[in-house]
Amino acid sequence: MEFEAVIGLEVHAQLLTESKIFTPSSARFGGDPNTQTDPVVLGLPGVLPVLNRRAVDFAMKMALATNSRITPLNTFARKHYFYPDLPKGYQISQFDLPLCTGGYIEIDLEEGGRKKIGLTRIHMEEDAGKSIHDANLAGEDTLVDLNRSGVPLIEIVSEPDIRSAREAYQYLSELKQIVTYLEICDGNMEEGSLRCDANISIRPVGESAFGVKTEVKNMNSFRNVERAINYEIERQTRMVLDGERIVQETLLWDANAGVARTMRSKEEAHDYRYFPEPDLLPLEISTAWIEEVRATLPELPRARRERLAKQYGIPEYDAEVLCATRDLADYYEEAAKHCGDPKLVSNWIMSDVLRILNEQKIDIGTFSISPQRLAGLINLILDDTISSKIAKAVFEDMLTSPEEARAIVEAKGLVQISDSGELEALIDQILADNPNQVEQFRSGKDKLFGFFVGQVMKATSGQANPQMVNDILRKKL
């Protein structure tokens, strides 16, 4: 019997507002424990929440970017459960009237083509605090840090349209690109600003009824999401083939061991006792407000990838790499604007620039070579001032020097030798000095051509024009 996976993802994205969703306390990541709190965060008696309008703007941006329908009148609700890092004993969330419903995120399939992953809803809520179980810090106790409590979240709930771990990876990658392009979330899974839970079930191929699902939590990278889903699909398949019953439960992913462990049973649905939040009025969203937010939308990742490939004549793969972040795509376009070869710009960014970013663990915003300076370096290759090899050395100098590429080339005397008369005389001398190699080449040892090129480059300290050297050598040999 063949089975197919049925997967739905619940993604929580922390919004990049300065203050929290219902209070002016800072929403910044970090800070000493419990220093970013106030009476509202602590759930003290007599306090009232006030909705952060900017958080609503950010949530609406996500809705518009994913073709979701924004609900004109939506409400907040109290979701009751007990946990040490939930000071009020309930979480303010949305239930029956969420901010957005429907919509989709489009992914590229590995086998070619595209697929739309439907969205059930996007709703707003406040984050809980953080419990710290680290024995080195807490000993036998659990410590609670409420700095994160009250940070605004959107929860993006997908339809069960995902059929493999790889599709889930693609979906999350696309979602992360969207929220970072919108500048509403930094997408950092390690810091918890983007968190994902996966609901997974299997069913025989051809059946429409859903199987019993399990929920997997505690996945702090896209790679771990992919690994955890593959593990759970294999586990459920093995159980069904062995005649065992799958139990609805919540699992925690152990990345070190590569297994998902049972956290709690979900045989009976948790009763959160939702009821309308009495301290917050229903939220009315006008058409004018929606259009005001729509006017702030940037060009989205998919549209930008397609435009870059078409406008600059670069391969789709290049466009995908360059559009990984909005800042990197901006860097490329600015460099391409000042250079005569957009593809060569792409090559340099994908190889040399990204290499440095990875080595130094920085992003393009703090890279020391501006796009204009990089374009200036590439233009020196295009006009035969320097060779590609010399350009690599100049690039390394530019990492620590504010000088333009041309100034470095001139100061170090690196200008390429492109005088045909000078190169011919030099090559004649090299051929005269190596008669045996000339004879061997002419008798069929073609690989010796590289020897002659090397001799010319050695004699000119690498400054001879490579193309001219090749042309002259071929003619003379």
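Please treat every number below as a calculation from the coordinates, not as lab data. Here the structure is a predicted model, which means the values were calculated and not measured. Note that each Cβ is placed from the backbone with ideal geometry, even for glycine, and that neighbours are counted across all protein chains shown.
Can you pull the three principal axis extents for the Cα set of the stretch 420-476, in Å, largest first?
Dimensions of the stretch 420-476 along the principal axes of its Cα atoms: 29, 19, 18 Å.
Please order PHE82, PHE95 by the number of other Cβ within 10 Å, starting at the fewest.
Taking fewest neighbouring Cβ atoms as first place, the list is PHE82, PHE95.
May I ask you to list the GluC sites (Glu not before Pro) in the stretch 1-62 that are in a DSSP loop and have at most 14 other Cβ atoms within 10 Å of their Cβ?
GLU2, GLU18
Taking all pairs of distinct Cα atoms, average 1/r, flip it, and tell me the Kirkwood hydrodynamic radius of the stretch 3-292 in Å to one decimal place.
The Cα-based Kirkwood calculation yields 20.1 Å.
How high is the relative contact order of the stretch 420-476, given as a whole-number percent (alpha carbon pairs under 8 Å, six or more residues apart)?
For the stretch 420-476, the relative contact order is 38 percent.
Would you work out the relative contact order for the chain, in percent, from Cα pairs under 8 angstrom that are 6 or more residues apart?
Relative contact order of the chain: 14 percent.
May I ask you to list the aspartates and glutamates whose Cα is less than 13 Å away from that of LYS116, ignoring any residue fewer than eight positions away on the same chain?
GLU106, ASP108, GLU159, ASP161, GLU167, GLU174
Restricted to Cα positions, what overall size does the stretch 301-411 have along the principal axes? Three whole-Å values, descending.
Each principal axis gives a Cα extent; for the stretch 301-411 these are 44, 31, 19 Å.
Between GLN311 and ASP96, what is the spin-label point distance in nm, taking each point 7 Å from the Cα along the Cα→C-beta axis?
Rounded to a tenth, the inter-label distance reads 4.8 nm.
Can you pull the semi-axes for the stretch 371-422, root of five times each eigenvalue of the Cα gyration tensor, sorted largest first, whole Å?
Each semi-axis is the square root of five times an eigenvalue, giving 20, 11, 9 Å.
ARG264 to LEU143: extension gain in nm, 0.36 nm per residue of separation minus the Cα-Cα distance?
Length gained between ARG264 and LEU143: 41.4 nm.
Given the pairs LYS337/LYS392; LYS176/LYS217; LYS392/LYS447; LYS213/LYS361, which are separated by over 28 angstrom at their Cα positions?
LYS213/LYS361
By how many nm would the segment from LYS476 to GLU244 grow when fully extended, if each residue of separation counts as 0.36 nm and the alpha-carbon distance is taken off?
Working it through step by step, the gained length comes to 75.6 nm.
Could you tally the net charge around THR75, taking each other residue with its Cβ under 10 Å from the Cβ of THR75, Lys/Arg +1 and Asp/Glu -1?
My count for the surroundings of THR75 gives -2.
Calculate the length of the line joining the C-alpha centroid of the stretch 410-439 to that of the stretch 186-217, in whole Å.
65
Identify all lysines with a Cα-Cα distance to LYS445 below 24 Å; exclude those on the same chain that are fewer than 8 residues away in sequence.
Cross-link targets: LYS458, LYS475, LYS476.
How many angstrom lie between the C-alpha centres of the stretch 84-128 and the stretch 226-242?
The two parts, judged by their Cα centres, are 25 Å apart.
Under 15 Å Cα to Cα from LYS412, which aspartates and glutamates show up? Leave out anything in the same chain fewer than 8 places away.
GLU396, ASP397, GLU403, GLU404
Determine the gain in length on full extension of the stretch THR400-GLU191; use 0.36 nm per residue of separation and subtract their C-alpha separation, reporting nm with one decimal.
72.1 nm
Please work out the FRET efficiency for the pair TYR83 and ALA209, using the Cβ-Cβ distance as r and a Förster radius of 60 Å; give the result to the nearest 0.05.
After rounding, the FRET efficiency stands at 0.95.
Between ASN67 and ASP271, what is the label-point separation in nm under the 7 Å Cα-to-beta-carbon projection?
Placing both labels 7 Å along Cα→Cβ, they lie 4.1 nm apart.
Could you list log10 I(q)/I(0) for the stretch 94-241 at q = 0.22 Å⁻¹, which the Debye formula gives when each Cα is one point scatterer?
Each listed q corresponds, in turn, to -1.53.
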